[in-house]
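What follows is a single structure, written as structure tokens, with notes after it.
Please treat every number below as a calculation from the coordinates, not as lab data. On a predicted model such as this, the values are computed, not experimentally measured, just so you know. No Cβ is skipped: glycine too gets one built from the backbone with ideal geometry, and neighbour counts run over all protein chains shown.
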Amino acid sequence: MPNAIKGIMTIAVLFFAVIVAYGLVKSAPTPDQFTHAETTTSIRALEVVRKRVRLEVSSQGSVMPYKESELIPEVNGRVSWMSPNLLPGGYFAKDDVLLRIENSDYRSKVARSRATLSRSLAEEELARFELGR
């Protein structure tokens, strides 16, 4: 077939396809018009109040702390009281007391230091007296 006939056949097929598509679109049934009736829905509403809730979740596995702290005492002594919040899972605020330490060791060290100071002052006074002789 020569090229001219192939071109005419191609155009004819495309024209026929457009005519068929147009006919299908025009002959499609139109949907029924439906108007929605306005309905109201009744609901129950509750007032929401913000509050803190502690949730407990049961699971299995290993738990790693988000933050880990090491308590280093600045004074010597035995722990006489420990906060109940200082347990695994407990939490506490910035200025909460976590531990109380017995102060008997501290008081005895203060008394010894005062005695040492008094002795040193007495030795100084004696040295000044002997120097002046």
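Worth a mention:
- The relative contact order of the stretch 79-132 comes to 30 percent, based on Cα pairs under 8 Å that sit 6 or more residues apart.
- Residues considered: 20, 79, 57. Largest GNM mean-square fluctuation over the chain, using C-alpha springs under 10 Å, is found at 20.
- P(r) tail for the stretch 79-132: Cα pairs beyond 16 Å make up 65% of the total.
- Projecting label points 7 angstrom from Cα along Cα→Cβ for residue 133 and residue 32 puts them 13.1 nm apart.
- With each label modelled as a point 7 angstrom along the Cα→C-beta vector, the residue 94-residue 62 pair spans 3.5 nm.
- Each of 32, 96, 105 was scored by other Cβ atoms within 10 Å of its Cβ. Listed from fewest to most, they are 32, 96, 105.
- The stretch 1-65: trypsin sites (Lys or Arg not before Pro) in DSSP coil with no more than 16 other Cβ atoms inside 10 Å: 44, 50, 51, 52, 54
- Pairs of Cα atoms nearer than 8 Å and 6+ residues apart set the relative contact order; for the chain it is 15 percent.
- The stretch 21-84: chymotrypsin sites (Phe, Trp or Tyr not before Pro) falling in loop per DSSP and having at most 15 other Cβ within 10 Å: 34, 66
- Seen from a random direction on average, the alpha-carbon convex hull of the stretch 1-100 projects onto 24.1 square nanometres.
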